[in-house]
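Enquirer: Input: one structure, supplied below.
The values are calculated or read from the model by the stated rules, or taken from the named source; none is laboratory data. Here the structure is a predicted model, which means the values were calculated and not measured. Don't worry about glycine lacking a Cβ; one is built from the backbone with ideal geometry, like all the others, and counts go over all protein chains shown. The protein model used for the area step is the full one, side chains on, heavy atoms only, and it has no ligands, DNA or RNA in it. Shrake-Rupley method; radii C 1.70, N 1.55, O 1.52, S 1.80 Å.
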Amino acid sequence: MSNISWLGANDAFPNPLYQPDPDPNVPGLIAVSERIYPGQLASAYQLGIFPWYSDNQPVLWWSPNPRMVLKPTQFKCHQSFKKTIRQFLNDPTKQIIVDHVFGAVMRACATNIRRDQDGTWITHEIINAYTKLYEGQHAHSISVMDNDLLIGGLYCVNFGGMVFGESMFSRKPDSSKIALAALSAWCIENQVEMIDCQQETPHLKSLGANPMERNEFLEKLQLCIKHTNIERSWNFNKEILQYWL
C-alpha cells in the first residue's frame, strides 16, 4: 500500500478519471485516511469515490472498475411484482415515508442479514458521516411502513442529477424492492439517469443493474452532478409507485 495516499483533513482525493489506481494489487482502492474528515464524504462522492471498510481498518476509499449502475428505466418490474405494488397501494396500513427516520434506516441496513454481503461496513463513523450529509439535504431515506412498523427501506446520496444507492434492508418480503421501485420512479420523474450501485452482486443484477466501465461512469457522473437546472423535491409517498402500473 506504499503508493496509496494517506489523506489528511485538508488533502484532496486523487481523481480516478485522470489518475490510475495507485496500487495495481488493490484495484479500485484510491486512498486511505485515518477518519472521515468534515466535508470529505461530499467531495468523494462528486469524484465517484466512496468509503468501504470495517471497524478495525482505516477508512478505505474506493472507485471500483467496473461500476454497477441501475438506469431507473431499466428497473425490472415483472408482472408478479406489479401485483405486489397494487396490493401495497390498496392497503391503507402500508405507506412510504421519505426522510422521516433516516437514522433508523441506516441502523437497520447495518444489522440486516443478506446473501451478498454483511452490513458490518456501516460503522458508527459511517452513520455519523452520512447523517451530516442528510442534515445538509444530500442524503435521503425511503422507509416502507406497515402501520407504525419500519419493514424495509433504503438510503442514498444525491448531488445534482445523480443518485448513489447505498444500502437496503427488508424485514418483510419485497419491502426493499418496493423502496427501490419508488426511488427509480422518482428518478425518472426528476430526470436522474443513473443510480450508482457501486459493486456488482447477483441481487442487484436481478433488479436491472448492470456493470459500466469506470471511465464511462465517471464521465457521466460529472455531467449528472451539474444537472441542477430543475428543482428536485424529495417529498413523495407511495403513490409514486403508480408509475410502474
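Enquirer: How large is ³J(HN,Hα), in whole Hz, for each residue of the range 67-83 in order, when computed from phi with the Karplus curve 6.51 cos²θ - 1.76 cosθ + 1.60 and θ = phi - 60°, using x for Gly and Pro?
Expert: Running phi through 6.51 cos²θ - 1.76 cosθ + 1.60 with θ = phi - 60° gives 10, 7, 9, 10, 7, x, 5, 9, 4, 7, 10, 6, 4, 5, 6, 4, 5 Hz.
Enquirer: If you don't mind, another one. With point charges of +1 on the Cβ of Lys and Arg and -1 on the Cβ of Asp and Glu, referenced to the Cα centre of the chain, which listed residue (Leu183, Cys224, Ala9) lies farthest in the positive direction of the dipole?
Expert: Leu183
Enquirer: Bin all alpha-carbon pair distances of the range 31-103 at 5 Å intervals from 0 and give each bin's fraction as a whole percent.
Expert: 3, 11, 13, 13, 15, 12, 10, 12, 8, 2
Enquirer: Moving on. Which whole-Hz couplings ³J(HN,Hα) result when phi for each residue of the range 189-201 is put into the Karplus expression 6.51 cos²θ - 1.76 cosθ + 1.60, θ = phi - 60°, listed in order with x for Gly and Pro?
Expert: With coefficients 6.51, -1.76 and 1.60, one gets 5, 10, 6, 9, 8, 9, 10, 6, 10, 6, 10, 6, 9 Hz.
Enquirer: Work from the charge dipole of the chain (Cβ charges, +1 for Lys and Arg, -1 for Asp and Glu, about the Cα centre) and give the residue of Met68, Val105, Ser143 farthest towards its positive end.
Expert: After comparing all options, I get Ser143.
Enquirer: Given H placed on each backbone N at 1.01 Å, which residues far from Trp62 in sequence or on other chains put an amide H within less than 5 Å of it?
Expert: For Trp62, the qualifying residues are Ile30, Phe50, Trp52.
Enquirer: Taking 0.36 nm per residue of separation and subtracting the Cα-Cα distance, what length does fully extending Ser54 through Glu34 add?
Expert: Length gained between Ser54 and Glu34: 5.9 nm.
Enquirer: Please compute the length gained on full extension between Glu135 and His78, using 0.36 nm multiplied by the number of residues separating them and subtracting their Cα-Cα distance.
Expert: In short, 17.0 nm is gained.
Enquirer: Something else: Over the chain, what relative contact order in percent results from Cα pairs under 8 Å that are six or more residues apart?
Expert: For the chain, the relative contact order is 23 percent.
Enquirer: Report, to the nearest whole %, how much of the accessible area of the range 105-245 belongs to carbon and sulfur atoms, 1.4 Å probe, protein only.
Expert: 48
Enquirer: Among all the aspartates and glutamates, which ones have a C-alpha under 17 Å from Lys172's C-alpha, if same-chain residues fewer than 8 places away are not counted?
Expert: Asp91, Asp146, Asp148
Enquirer: Check the straight Cα-Cα distances from Lys71 and name the aspartates and glutamates below 16 Å, setting aside those fewer than 8 residues away within the same chain.
Expert: Once the sequence-local aspartates and glutamates are set aside, what remains near Lys71 is Glu166, Glu189, Glu193, Asp196, Glu200, Glu213, Glu216, Glu219.
Enquirer: Could you sort out which of Lys83/Lys205; Lys94/Lys205; Lys82/Lys226 sit more than 32 Å apart by Cα distance in this structure?
Expert: Result: Lys82/Lys226 exceed 32 Å.
Enquirer: Quick one: what are the phi-derived ³J(HN,Hα) couplings along the range 44-59, Karplus 6.51/-1.76/1.60 with θ = phi - 60°, whole Hz, x for glycine and proline?
Expert: Residue by residue, the range 44-59 yields 4, 4, 6, 10, x, 10, 9, x, 7, 6, 10, 4, 8, 10, x, 6 Hz.
Enquirer: Which length gain, in nm to one decimal place, applies between Thr201 and Arg86 when the Cα-Cα distance is subtracted from 0.36 nm times their residue separation?
Expert: Fully extending the segment from Thr201 to Arg86 adds 38.6 nm.
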